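Structure record follows, encoded as C-alpha cells.
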Amino acid sequence: APDLGPVESCPAPVDWVAAATVWLSLQPASAGRVFHLINPQAVSFERVLDWLRDLGHPLRKTPIGGWAAALGANGGELLAPLAELLRELAAATEPWQHRSLRFASAATQAALAGSTLACPPVDRGLLEVYLSSWVAARANA
C-alpha cells in the first residue's frame, strides 16, 4: 500500500451511491443541481489499512514512488494512468503534502433528508462484507 501519511478520505459505498443517484434523479427539485455523493464520515487511510490487515490481508507500506513503479509494472493498461499520476507526485520538486480533500456535501445530505437513505460509515464490518463478497465472486469465476 502506498505510504500516504495522515490522509483521510470519504469513500462512499457504491450501493448507497447508486440508490442515492436514483432517488435524487426522481426528485423534481433535483433538476439542474449538483450533488457530491461522498461519505459524510471521513476515515483515515491508515485505519483502513489496519482493518484490511485485521481481516487477513497482509499489507506493507511502500514509499509512493516505489508503489507507483510496482503499479505501473503490474497494473496493466487499466491502472497505467494512476501509476503515472503517482510517479508525477513522487517526482514533484516540492515534497508532496499528502492532504485530505474535502468536498461539500451539505446540499446532498439536505436533498436526501426526505429519503430513507443513509450513507453507512466505512468501518471494519463494511470492509469485511465487501471483501467476503469479492473473494466469493472470484472463487466462483
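For the stretch 19-50, the candidate set comprises residues that are polar (S, T, N, Q) and part of a loop (DSSP other than H, G, I, E, B); within that set, the residue that is farthest from the chain's Cα centre (by Cα) is Gln27.
The sole residue among Arg124, Arg102 that is among the charged types (D, E, K, R), in contact with a helix residue (DSSP H, G or I) (Cβ under 9 Å, 6 or more places away or on another chain), surrounded by 10 or more Cβ atoms within 10 Å (Cβ to Cβ) and farther than 17 Å from Trp16 by Cβ is Arg124.
Please go through the stretch 105-121 and pick out each residue that is assigned to a loop (DSSP other than H, G, I, E, B), small (Gly, Ala, Ser) and open to solvent by less than 70 Å² (accessible area, probe 1.4 Å).
Matches in the stretch 105-121: Ser105, Gly114, Ser115.
All conditions but one from (1) farther than 20 Å from Glu8 by Cα; (2) assigned to a helix (DSSP H, G or I) apply to Arg53; the one that does not is (1). Could you go through the stretch 60-79 and let me know if any residue there is of a type in the set (Asp, Glu), open to solvent by 70 Å² or more (accessible area, probe 1.4 Å) and farther than 23 Å from Asp123 by Cα. Yes, the stretch 60-79 contains at least one residue that is of a type in the set (Asp, Glu), open to solvent by 70 Å² or more (accessible area, probe 1.4 Å) and farther than 23 Å from Asp123 by Cα.
Within the stretch 2-18, being out of contact with any strand residue (DSSP E or B) (no Cβ under 8 Å at 6 or more places or on another chain), within 21 Å of Ala104 (Cβ to Cβ) and not in a helix (DSSP H, G or I) holds for Ala12, Pro13.
Going by the structure shown, is Pro28 in contact (Cβ under 8 Å) with a residue 60 or more places away in the chain, loosely packed, with under 14 Cβ neighbours inside 10 Å and farther than 24 Å from Tyr130 by Cα?
Values: in contact (Cβ under 8 Å) with a residue 60 or more places away in the chain: no; loosely packed, with under 14 Cβ neighbours inside 10 Å: yes; farther than 24 Å from Tyr130 by Cα: yes.
For Pro28, the condition - in contact (Cβ under 8 Å) with a residue 60 or more places away in the chain, loosely packed, with under 14 Cβ neighbours inside 10 Å and farther than 24 Å from Tyr130 by Cα - is not met.
What do you reckon, is Leu71 closer than 26 Å to Val129 by Cα, part of a helix (DSSP H, G or I), without any contact (Cβ under 8 Å) to a residue 24 or more places away in the chain and out of contact with any helix residue (DSSP H, G or I) (no Cβ under 7 Å at 6 or more places or on another chain)? Answer is no for this residue.
Taking the stretch 41-58 as the search range and keeping residues that are under 11 Å from Val7 (Cα atoms) and in contact with a Cys (Cβ under 8 Å, 6 or more places away or on another chain), which one is surrounded by the fewest Cβ atoms within 10 Å (Cβ to Cβ)? Checking each candidate, the answer is Ala42.
The values are calculated or read from the model by the stated rules, or taken from the named source; none is laboratory data. Please read these numbers as outputs of a predicted model, since none were measured by experiment. Every residue, glycine among them, receives a Cβ derived from its backbone with ideal geometry; neighbour counts consider all protein chains shown. Remember, those area values only see protein heavy atoms, side chains included, never the ligands or the DNA or RNA. Shrake-Rupley method; radii C 1.70, N 1.55, O 1.52, S 1.80 Å.
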